[in-house]
Amino acid sequence: MPIGILAAIGLACGLIIYLVYIKVPQKVKGLEKTEEITSILPGMNCGACGYPGCFAYAQALSQDPELVTKTPCSQVLQDPDSLARLEKALGCKLDAAAMCKKALVHCGGNSEVICDYSGAPTCKAAAQLLRGYKKCPYACLGLGDCVEICPQGAISIDPEKGVAVVDPDKCTGCGLCVTECPQELIELVPGGTKIAFLCNYKPLKNIPGRERCDYGCIHCRKCFNACEFGAIEWNKETALPEFDQEKCTLCLKCIEACPQNTLADFTKLGKEKEAELAAAK
Amino acid sequence: MSNLVAIFLGMVLINNFILVRFLGLCPFFGVSKQLGSAISMGVAVTFVMAIASLATWLIRNYILIPLDIEYMNIVIFILVIATLVQIIELFIKKTNLGLYFSFGIYLPLITTNCAVLGITLINATQNYSLSSSLVAALGGGLGFTLVLAMMSGIREKLELANTPKSMKGLPIAFIIAALLGLAFVGFSGII
């Protein structure tokens, strides 16, 4: 008997919800577009776009379609099909390659190891002790916290240089590695980036390239002078080159000119090692 | 009348849901970082508490007691509250979008809030009349909102304070909660 009553009340509750769902008229207009956009979005509620969930993001998009270029959904950008549907829903053209962010590790590795580290094999633990065991306090420790967290398997550790390398083709720009890295080395750069700058050494006084690391920027301006297209600006405050991706023709003269190998071809990052492995097989 | 006032004050201060009965502790720490969202949560809880008290009072007095199956209070109340919150959410979404967005995520979160189940069970064990149940629910919700607002106000100020690194965030919030609880112990035994 009690079971019967419980079942009856349960059924009645379900019925009432169904009736409310069917019978109460949809008085509010304006949600259609939001719901249409929500159906396109991945629905993972990851929050990478900066909004609390996909529905809130869709609501913001329905009010201002321009937002999609500022805070794009990295999952949609990976999928041409849903990207096309989003373009249709918002009524604007989206350049996926330019909007898609990619992670870049700002370190070329090869900073001298100054002591034997035998503690817990994570970058976080190692960074607690005097900012790591490498001569350069801003260096990538290469213990692979970012490799662990990357859902795409886009990050690998270069065993020779002891540095994490992101493969831009696999990276979806979710930004998980950016928050994971204790050295704050990883940055999300626009997908169309052509030249990667591989140094994170911050103080300007003692130049790291000469004494701390074979790959550090020594602020020599050779890349700035080598560029024939005016694609490199010299930032006087940080004494670092800044790259204009639109003017860059990928002639690679700056990479040749760099005496420290601080610059690299962004599109080929993470590929050399794979090619070597493939050749070895 | 004086009876109702006693129930109301007892629910707001003396038997405060969070600090004395220790119910609804998840939103107490989860939604108490900003004053605005804390108050939205408090209002939503108060609203659901009142409606849930009304519905469960009716079900208890017209179904459970006549059939003598009061031992099934908890399971039936859970069912009723969950249904109720779903209906309210659907209804608000279809009729008043502004209200829907101001409640936001808080309304569905309340489905499984123990403070809401708590008020219905307290009403049942105390054998409150309909008016007493409603007053108790309003008082409980108000007390909940009050403590949430106090906590979020303090935590907003704490963000700017020079807290030791190891105490930042939740640890200091726990200490604040303990001090608040200590203050509310002072009310005990008044009525």
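Hey, what did region A:101-280 get for relative contact order, percent, Cα under 8 Å, at least 6 apart?
RCO, region A:101-280: 24 percent.
State the dimensionless ratio Rg/Rh of region B:130-191 (Rg: radius of gyration of Cα atoms; Rh: Kirkwood radius).
Reported Rg/Rh (Cα atoms, Kirkwood Rh): 1.12.
Kindly write out, for region A:156-170 in residue order, the coupling ³J(HN,Hα) from the Karplus curve 6.51 cos²θ - 1.76 cosθ + 1.60 (θ = phi - 60°), rounded to whole Hz, with x marking Gly and Pro.
Running phi through 6.51 cos²θ - 1.76 cosθ + 1.60 with θ = phi - 60° gives 9, 9, 6, x, 6, 8, x, 9, 6, 10, 9, 8, x, 6, 8 Hz.
In debye, nearest 20, what is the charge dipole magnitude of the protein assembly as shown about its Cα centre with +1 on Lys and Arg Cβ and -1 on Asp and Glu Cβ, if you could check?
820
Relative contact order for region B:25-177 using alpha-carbon pairs under 8 Å, separation at least 6, rounded to a whole percent?
Rounded, it is 43 percent for region B:25-177.
Over 10 Å intervals from 0, what percent of Cα-Cα pairs in region B:22-89 sits in each interval?
18, 40, 29, 11, 2
Considering every pair of different Cα atoms, what Kirkwood radius, in Å, is found for region A:89-168?
After inverting the mean inverse Cα-Cα distance, the result is 14.3 Å.
One-quarter of the Cα convex hull surface for region A:113-206, in nm²?
That works out to 6.8 nm², a quarter of the Cα hull's surface.
Using only the Cα atoms, work out Rg/Rh for region B:85-141, with Rh taken as the Kirkwood radius, to two decimals.
Here Rg/Rh amounts to 1.07.
Roughly how far apart, in whole Å, are the Cα centres of region A:100-164 and region B:170-186?
42
Using the number of other C-beta atoms within 10 angstrom as an exposure proxy, rank A:Glu35, A:Glu160 with the fewest first.
A:Glu160, A:Glu35
Before rounding to the nearest 500, sum -39500 (n - 2.57) across all DSSP H runs of length at least 4 in the protein assembly as shown and divide by the residue total; then give [θ] at 222 nm in deg cm²/dmol.
-15000 deg cm²/dmol
Among A:Thr69, A:Thr172, A:Thr122, which comes first, second and so on when ranked by fewest other beta-carbon atoms within 10 Å?
A:Thr69, A:Thr122, A:Thr172
Expressed as a fraction of 2.2 N^0.38 Å, the rule-of-thumb size for a compact globular protein of N residues, what is the C-alpha radius of gyration of region A:1-144?
Expressed relative to 2.2 N^0.38 Å, the Cα Rg reads 1.76.
What FRET efficiency, computed as 1/(1 + (r/R0)^6) with R0 = 51 Å and r the Cβ-Cβ distance, is obtained for A:Thr238 and A:Tyr21, rounded to the nearest 0.05?
0.30
How far is helix A:271-280 tilted, in degrees, relative to the longest principal axis of the Cα atoms in chain A, given as a value from 0 to 90 rounded to the nearest 10?
Relative to chain A, helix A:271-280 is tipped by roughly 80 degrees.
Between 0 and 90 degrees, rounded to the nearest ten: what's the tilt of helix A:31-40 against the longest Cα principal axis of chain A?
The angle comes out near 50 degrees.
Treat the count of other C-beta atoms within 10 Å as a stand-in for reagent exposure and order A:Ser82, B:Ser129 from fewest to most.
With the fewest neighbours first, A:Ser82, B:Ser129 line up as B:Ser129, A:Ser82.
Just the C-alpha atoms of region A:41-85: what Rg/Rh do they give, with Rh taken as the Kirkwood radius?
0.92
With each label point set 7 Å from Cα along the Cα-Cβ vector, what nm distance links B:Leu160 and B:Asn127?
A separation of 5.4 nm, rounded to one decimal place.
So if I restrict to the alpha-carbon atoms in region A:209-263, what is the Rg, and what is Dmax, the biggest pairwise distance, in Å?
Expressed in Å, the Cα Rg and Dmax of region A:209-263 come to 11.1, 34.
Once the cut-off is 39 Å, how many percent of the Cα-Cα pairs in the protein assembly as shown end up in the long-distance tail?
Pairs farther apart than 39 Å: 46 percent.
Give me the log10 of I(q) over I(0) for region A:101-280 at q = 0.08, 0.10, 0.14 Å⁻¹, as the Debye formula computes it from C-alpha points; what are the numbers?
Ignoring solvent entirely, the Cα scatterers give -0.24, -0.38, -0.76.
I'd like the projected area of chain B, averaged over all directions, using the convex hull of its alpha carbons. Report it in nm² with one decimal.
Here the figure is 12.2 nm², rounded to one decimal.
Compute the FRET efficiency between A:Leu130 and A:Asp64 as 1/(1 + (r/R0)^6), taking r as their Cβ-Cβ distance and R0 = 56 Å, and round to the nearest 0.05.
Given R0 = 56 Å and the Cβ-Cβ separation, E is 0.75.
Each value in this text was obtained by applying a stated rule to the coordinates, not by laboratory testing. Here the structure is a predicted model, which means the values were calculated and not measured. Note that we place each Cβ from the backbone using ideal geometry, even for glycine, and neighbour counts take in every protein chain shown.
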